[in-house]
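See structure below.
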């Protein structure tokens with residue numbers, strides 16, 4: 001089938017984004033499908049239209065005639081604009097202008113990688129659901145929404161989701177909280193609503209091989225960051241920041257003092273500390289910690305597989321990051337989670353069978369003692385616990401291969417119809 005991939009994150013400067021889209025693309029290719037066009041997450045999250053000349057006088061650019069509607073009541077009118085070829089998408093630093101009608105006309109199926117994009121009053125969430133709406137109501141295309149956390153409580157987003165989700169041919173959530181809370185909207189689905197994140201399909205190097213490779217000088221030092229001082233032969237804890245620091249309402253909170261205290265206590269009372277920054281927000285925070293405490297830092301420019309290798313071979317991972325926690329889990333490493341921009345980390349804890357609390361990333365300094373005590377417990381665990389966690393992640397990886405299930409079912413249905421017509 002010819003696929004239009006929506007919310008393609010393979011070009012993002014974020015470990016998890018690149019990991020997810022890589023695995024979804026691999027699954028589609030393995031099924032013999034062709035991605036004829038993709039819509040990047042930056043094209044969904046940034047408006048494209050006429051700019052007012054006076055826009056430079058305001059904090060944010062003023063865009064007229066954006067092709068993505070703000071409210072459900074606007075969907076039919078904006079869908080007609082797509083049909084007339086008047087809807088275009090463009091990333092902020094891209095020269096490409098994508099005509100949405102042309103993209104929809106040339107595909108057989110719309111495949112949406114939801115990831116962590118569908119929450120709040122955000123353009124990217126509305127854009128994803130609007131494209132799905134147009135695909136179904138205007139062009140009659142099959143539409144699959146998969147690999148996502150849904151946090152639909154926003155009053156602008158909820159009515160859109162209530163209208164669009166029941167239209168979709170297949171819906172799956174990547175965490176059990178989303179499934180329980182919003183699964184009733186997915187009326188067309190016949191299989192499981194819960195399919196683990198595609199990132200579970202990554203595997204880290206075995207411990208012995210990892211130690212040999214990672215012990216080479218500068219192996220993890222990707223400019224401008226440095227992993228100097230990291231000894232992979234010694235047990236270590238990886239520390240990342242949290243996606244909650246993306247949110248504007250958290251800008252008043254400075255997480256650096258909390259991370260300084262936490263990392264200092266960890267290295268003196270628990271073991272070696274390695275800072276892992278999967279995106280620019282984490283880099284901004286952890287580079288300050290690295291400089292002040294002289295700790296090794298592995299930044300977002302490191303290849304995805306190297307990120308999986310170092311997190312999967314850690315003794316422990318501490319963060320409010322979804323995908324790095326998965327990278328740790330596939331190698332059997334436990335996680336101490338912090339709150340994130342949605343309830344996704346609570347859902348991931350449940351998926352991984354972790355009964356430990358999710359600590360408040362906006363009150364980190366007050367919780368350092370409890371986090372360090374729990375870290376010490378995990379450091380004392382032996383290989384049996386690690387093997388059990390690795391086996392659990394392997395089972396989740398098997399289930400993660402089902403993100404493209406509708407395409408297999410659709411092919412079988414098409415073949416059955418074809419055979420019945422021939423027999424008639």
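The values are calculated or read from the model by the stated rules, or taken from the named source; none is laboratory data. On a predicted model such as this, the values are computed, not experimentally measured, just so you know. Ideal geometry is used to build each Cβ from the backbone, glycine not excepted, and the neighbour counts take in all protein chains shown.
Apart from one condition, residue 237 fits all of (1) touching a residue at least 60 places away in the same chain (Cβ under 8 Å); (2) out of contact with any helix residue (DSSP H, G or I) (no Cβ under 7 Å at 6 or more places or on another chain); the exception is (2).
Counting the residues of the stretch 162-187 that are without any contact (Cβ under 8 Å) to a residue 60 or more places away in the chain, closer than 16 Å to residue 347 by Cβ and part of a helix (DSSP H, G or I) gives 5. All conditions in (1) over 19 Å from the mean Cα position of the chain (by Cα); (2) at pLDDT below 95 hold for residue 122, with the sole exception of (1).
Restricting the search to the stretch 192-234, which residues are touching a helix residue (DSSP H, G or I) at 6+ places or on another chain (Cβ under 6 Å), assigned to a loop (DSSP other than H, G, I, E, B), in contact (Cβ under 8 Å) with a residue 60 or more places away in the chain and more than 20 Å from residue 334 (Cβ to Cβ)? Result: 195, single match.
Checking the condition surrounded by 15 or more Cβ atoms within 10 Å (Cβ to Cβ) and more than 23 Å from the chain's Cα centre (by Cα), which residue from 214, 241, 277 passes? None of the other options fit; the residue is 214. Considering the stretch 314-399, the qualifying helices (runs of 4 or more DSSP H), each wholly inside and each with 1 or more residues that are in contact (Cβ under 8 Å) with a residue 60 or more places away in the chain and farther than 26 Å from residue 9 by Cα, run over 368-379.
Would it be correct to say that residue 159 is more than 21 Å from the chain's Cα centre (by Cα), in a helix (DSSP H, G or I) and over 30 Å from residue 28 (Cα atoms)? Criteria met by residue 159.
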